[in-house]
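Right, one structure below, let's go through it.
The values are calculated or read from the model by the stated rules, or taken from the named source; none is laboratory data. Computed from a predicted model, the values in this text were never measured in an experiment. In this analysis, Cβ positions are derived from the backbone assuming ideal geometry, glycine residues included, and neighbour counts consider all displayed protein chains. Please note that ligands, DNA and RNA were not included when accessible areas were found on the heavy atoms of the full protein model with its side chains. Shrake-Rupley method; radii C 1.70, N 1.55, O 1.52, S 1.80 Å.
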Amino acid sequence: MEIKFERFHLQSDLRSPLKGFEMISVPTEVRIDPLTKRRSRIITWGLPSQGKFDFSKMAEESKECFFCPDNVLQKTPQFLKEIVPEGRICIGRAVGFPNLNPVGSYGSVVVLCPEHFLHLNQFTPEIYEEGLSVAIEIIQRTMAFDPDTRYWQISQNFLHPGGSTILHPHLQVIGDPIPTNEMEWLLDASSSYTQRNGTLYWKDLTQIEKGLGKRYITPIKNVHWFVSFAPIGFNEVCGSVEGHGSITTLGKEEIASLAKGIVSTLKYYYEKDLNSFNFSITSISGETHHQLLIRIISRTPLQPYYLNDYTSFEVLQSELTANIIPEELCREIRPYFP
Ligand SMILES: [Zn+2]
């Protein structure tokens, strides 16, 4: 196996006004992802928490939105009759329909629950089980109509820092006949890994991380939950679903495992006074080197004098930063998982 955990230690020396202008050294670590070779910068300082943000006014002012129970079956778009004759897909309390403002070939929204707003500790595994089941049904029916649509993302953008204008919890389900940048990087790198080693990268990574024990959180059924060696966002938690490349082949137990991992991660974020997050599930059919992957990251929380976490470093230098040492995050988040 050729998985290498490469890192560079950088150090900045300066005379600090906080210590009478004595010299201090501030370390930074640059880590290289073993698969994609993408660099991440791990900073060892963070801004202190400002406590929990009071969402009551914002939730009150924005309620009765298009996703609220009185409107969701009246004012949201319907699927083409050839794809979903009944117009929308409802499972439990989740409702799926096309996105009025799509960004690709097939864009859908899944409203997760009737509640207009939930704190991160109020999301339950059932909410995600139903939401993901609707997403899977959308993907299956769309692929039956258009089999070339092999590349899918199931994502959640929660609150304004995560890129959502609507408070009401919802998923985005996006399918295209071409991959995103991230999908292409993952596919290219994992395919050349298999050519060189004769094995599946994700299988090897799981085995190594389990053995090291520093970043492997826990398995839930056949979903391996871990913290990446070189995260591409704050408080990043990943889940890799053994034996599946596409979400369409998951059974009930595997969907429940994904839901449990998401909810466990959100509970940890809540305890840390975080409130905004993104996740994305990368689901690709017909690629033997790919393994279904979910990546969850926190965003800087919504708060007075909100600070965006994407600076020139991320948007213009393509170098992503993380503000907690991955091994420390793994140690802290483990008790939140079943
Ligand atoms: Zn609403």
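Quick notes
- Given (1) in contact with a strand residue (DSSP E or B) (Cβ under 9 Å, 6 or more places away or on another chain); (2) surrounded by 18 or more Cβ atoms within 10 Å (Cβ to Cβ), number of the condition Ile325 does not satisfy: (2)
- Residue in the range 74-92 that is nearest to the ligand (Cβ to nearest atom), counting only those that are exposed (fewer than 14 other Cβ atoms within 10 Å of the Cβ) and basic (Lys, Arg): Lys75
- Selection within the range 93-114 - open to solvent by 70 Å² or more (accessible area, probe 1.4 Å) and closer than 14 Å to Gly131 by Cβ: Arg93
- In the set (1) over 12 Å from Ser240 (Cβ atoms); (2) among the hydroxyl-bearing types (Ser, Thr, Tyr); (3) open to solvent by less than 20 Å² (accessible area, probe 1.4 Å), Thr300 fails one condition alone, (3).
- Options Gly233, Gly211, Gly163; residue that is closer than 23 Å to Cys330 by Cβ and modelled with pLDDT under 95: Gly233
- Residues within the range 191-232 that are buried (at least 21 other Cβ atoms within 10 Å of the Cβ) and either of a type in the set (A, V, I, L, M, F, W, C) or part of a helix (DSSP H, G or I) (or both), tallied: 12
- The listed residues are Ser133, Ser105, Ser155, Ser192, and the only one of them that is among the small types (Gly, Ala, Ser), away from the ligand (no atom under 16 Å from the Cβ) and free of Cβ contacts under 8 Å to residues at least 60 places away in the same chain turns out to be Ser192.
- Taking the range 20-73 as the range and being open to solvent by 60 Å² or more (accessible area, probe 1.4 Å) and within 16 Å of the ligand (Cβ to nearest atom) as the test, the residues that pass are Ser56, Lys57, Glu60, Glu61, Lys63, Glu64, Phe66, Pro69, Asp70, Leu73.
- Identification of strands (runs of 3 or more DSSP E) wholly contained in the range 1-56 with 1 or more residues that are over 29 Å from Leu302 (Cα atoms) and in contact (Cβ under 8 Å) with a residue 60 or more places away in the chain yields 22-32.
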